[in-house]
Amino acid sequence: MSMQKQGQVKFLWSCGKGVRKYLIISIICSACAVIFSFIAPQVMRIIIDSVLGEEPFSLPGIITGWIDRIGGRAVLTEHLFLCAAVGMVFTFLSAVFAGLYKYYVNRFGEGTVKKIRDVLYEHIAHLPYEWHVRISTGDILQRCTQDVNVIKQFLCNQVIEVIRVIFLMVFSLVVMFSMNVRLSFAALIFIPVILGYTMIFLGKISSRFMDADIAEGNLTTAVQENTTGVRVVRAFGREAYEMDKFDERNEHYTGLWVRLGNVMSVFWACGDIVTSVQVMTIIILGVWQCVHGGMTVGTFMAFITYNQMMIWPVRQLGRILSDMSKSGVSVTRIRSILDEKTEEEQPCENLKPEIKGNIEFKHVSFSYEDVPVLKDVSFTIKAGEKIGILGNTGSGKSTIAHLLNRLYDVKEGSGAVEIDGVDVRRIDRAYLRSQVNVVLQDTFLFSKTIRDNIAVSAPETPLTEIRRLARISSVDDAIMEFGEQYDTVVGERGVTLSGGQKQRVAIARALLNESPIIIFDDSMSAVDTETDAKIRQALAKNKNNVTTIYISHRVTTLMDADKIIVLKDGRLAELGSHEELLAKNGIYSHVYEMQSGVAAELEEIELEEAGAAKAGAAADVTDGKGGM
């Protein structure tokens, strides 16, 4: 067994902790089922050779004595139903134990798969943010559902079949050799042939299963992206493009399964040919021995039955091994997730210092893979200050927020991010994130009520407090207009609400945590400037001692900040208050003038439209009077 296979078996065995007893019980029941199934052909042999025929009873002495006491062969000949009843009893016992081993192996399989799901979900929940960015959602869903189900099918069906096949082969060969050595050797010759071509095909099947699994993940990703982004698809008329993309991936996925089906067809055809040749060979040789007195008819019939009991399970071993190969691929894909280091496994002193809100970036440089984002950035923020961050797309604004709450860590030798003089890499992540609250632009809401979404971190929060936070984020009035008010259920990803409403609900949710540092990462981009100002005024009134960082493209959002940081191409280009930066006549001043000019033009257009509407209304009144 290869090291990879050993690792897969060890993984499944470890996940079976607590339910392994059911596997052991099922193995015992399987052995009993096989033993009782082997007794039935012997009953048939005795009936043909010793009850209907003249051969002496070849049975243990205790059974022979019992037959003699009831009247011997004559009584059995007159009452053949007794022999049939004995055969039925053993057949019935075999069926009972077969049912029991199926029951217990299902208990083992379901329990093991439940553990796999629990471990997988918990592990994914603690994987670094960069892993979630790197891996597509469709691929994650594929591994958590389809791959887990493949393992479930293997554990509930194939694993016990492997053991059963081994039992059948061993018992069959032992009994067959005890009955006829030459014929047993003839039957045995074909088994290496069956196992040989099975192993050859197994390598081809395994790689094709892996390709098909990856293609299915890509197909799932296409469906997931299209359904979650349905509004964007419809808004830009991209239905045809998305259908073509899905069709391309679907065709590729179908082609892989067709090619896999071709290999499987050849595999099963070869198996049928070899198995049929083996059975016919045994029949021909057995008939020849019966004709020449080398074997009785009853023994030949029993031998044929045992050969069938051996050869067809061996034949099925190919199917079992192919399914095992598929489950091996699934185990490998799941373990590749579990082998990823979680945030907890990465080095950290897990300090939990009292955080007041003083922040310092010391010559911080950061790259996403090989793409530099921040380049030697340094600045300080005092506790309780209100800071604005402005910059073009890709200048590193959001990266500052990610580094502060350790969604990413600064690499050694690339500077340091400190809070109250402590390097954030030394602070416990969960504790740090409870102290540094981030409201993102891309707001995610759960498919729950608005109340549940706001109180997600503290479900027992009273409605009065939830409404107070909603008023601060200027969303309470909008919520109260809904029919169910705070009990209104938002759709998937908050589709029921507008973009601005979702952002304001997210702000209220963030405010529920009394954290000393709060970051608004362009989280008011979807609200109008008037609402933006109301929210900032309410925040300033209710969060006096909180360090507040506003990241935005909108100058009006930042102009009231104590200090504004301007980034350009990953570097700190300007730093100062609104007035100081205007006096420098640099980047900030240019952006301010440009946005102020656009705002003035829009205001002029609105005034003209309002004037035109007023003039039109006056003309309508005059016309009405003239008509009278």
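The values are calculated or read from the model by the stated rules, or taken from the named source; none is laboratory data. Because the structure is predicted, anything quoted here is derived from the model rather than measured. All Cβ positions, even for glycine, are placed from backbone atoms using ideal geometry, and neighbour counts span all protein chains on display.
The residues of the range 284-341 that are among the hydrophobic types (A, V, I, L, M, F, W, C), under 21 Å from the mean Cα position of the chain (by Cα) and within 23 Å of W268 (Cβ to Cβ), listed by number, are M324, V329.
Might you let me know whether the range 451-472 holds any residue that is surrounded by 20 or more Cβ atoms within 10 Å (Cβ to Cβ) and at positive phi?
Of all residues in the range 451-472, those surrounded by 20 or more Cβ atoms within 10 Å (Cβ to Cβ) come to 451, 453-455, 466, 469-470, 472.
Next cut, at positive phi only: none.
Taking every residue of the range 451-472 in turn, none turns out to be surrounded by 20 or more Cβ atoms within 10 Å (Cβ to Cβ) and at positive phi.
Against the test of being under 27 Å from the mean Cα position of the chain (by Cα), surrounded by 20 or more Cβ atoms within 10 Å (Cβ to Cβ) and closer than 20 Å to L539 by Cβ, the options V475, V438 yield a single qualifying residue, V438.
Within the range 283-296, track down each residue that is in a helix (DSSP H, G or I) and in contact with a helix residue (DSSP H, G or I) (Cβ under 6 Å, 6 or more places away or on another chain). Before the answer, list the steps.
Going through the range 283-296, the residues in a helix (DSSP H, G or I) turn out to be 283-291.
Once the filter is applied, which keeps residues that are in a helix (DSSP H, G or I) and in contact with a helix residue (DSSP H, G or I) (Cβ under 6 Å, 6 or more places away or on another chain), the range 283-296 yields L285, G286, C290.
Exactly one residue out of S457, S447, S473, S498 is of a type outside the set (V, I, T) and closer than 22 Å to P128 by Cα: that is S457. Checking each residue in the range 127-161 for being acidic (D, E) and at pLDDT below 80 picks out E130, D139, E161. Looking across the range 447-456, just one residue is part of a loop (DSSP other than H, G, I, E, B) and either among the hydroxyl-bearing types (S, T, Y) or modelled with pLDDT under 80 (or both), and that is S447. The conditions of being touching a helix residue (DSSP H, G or I) at 6+ places or on another chain (Cβ under 7 Å) and at pLDDT below 70 are met by V233. On the basis of being buried (at least 18 other Cβ atoms within 10 Å of the Cβ) and farther than 30 Å from Q42 by Cβ, does K326 make the cut? Against the criterion (buried (at least 18 other Cβ atoms within 10 Å of the Cβ) and farther than 30 Å from Q42 by Cβ), K326 qualifies. Among the residues of this structure, K568 counts as one that is surrounded by 15 or more Cβ atoms within 10 Å (Cβ to Cβ), more than 29 Å from K356 (Cβ to Cβ), modelled with pLDDT of 85 or more and of a type in the set (D, E, K, R). Filter the range 170-192 for residues that are among the polar types (S, T, N, Q) and closer than 14 Å to I311 by Cα; which is surrounded by the fewest Cβ atoms within 10 Å (Cβ to Cβ)? The qualifying residue surrounded by the fewest Cβ atoms within 10 Å (Cβ to Cβ) is S184. Out of A573, A600, one residue alone is more than 22 Å from G396 (Cα to Cα), more than 41 Å from the chain's Cα centre (by Cα) and either modelled with pLDDT under 85 or not hydroxyl-bearing (S, T, Y) (or both). It is A600.
Checking each residue in the range 99-119 for being out of contact with any Cys (no Cβ under 6 Å at 6 or more places or on another chain) and crowded, with 18+ Cβ neighbours inside 10 Å picks out Y104, V105, F108, G111, V113.
Residues in the range 350-371: is at least one closer than 30 Å to K568 by Cβ, aromatic (F, W, Y) and at pLDDT below 85? Yes, that holds for at least one residue.
Considering only the range 101-126, state which residues are at pLDDT below 85 and among the aliphatic types (A, V, I, L, M). Scanning the range 101-126 gives a single hit, A125.
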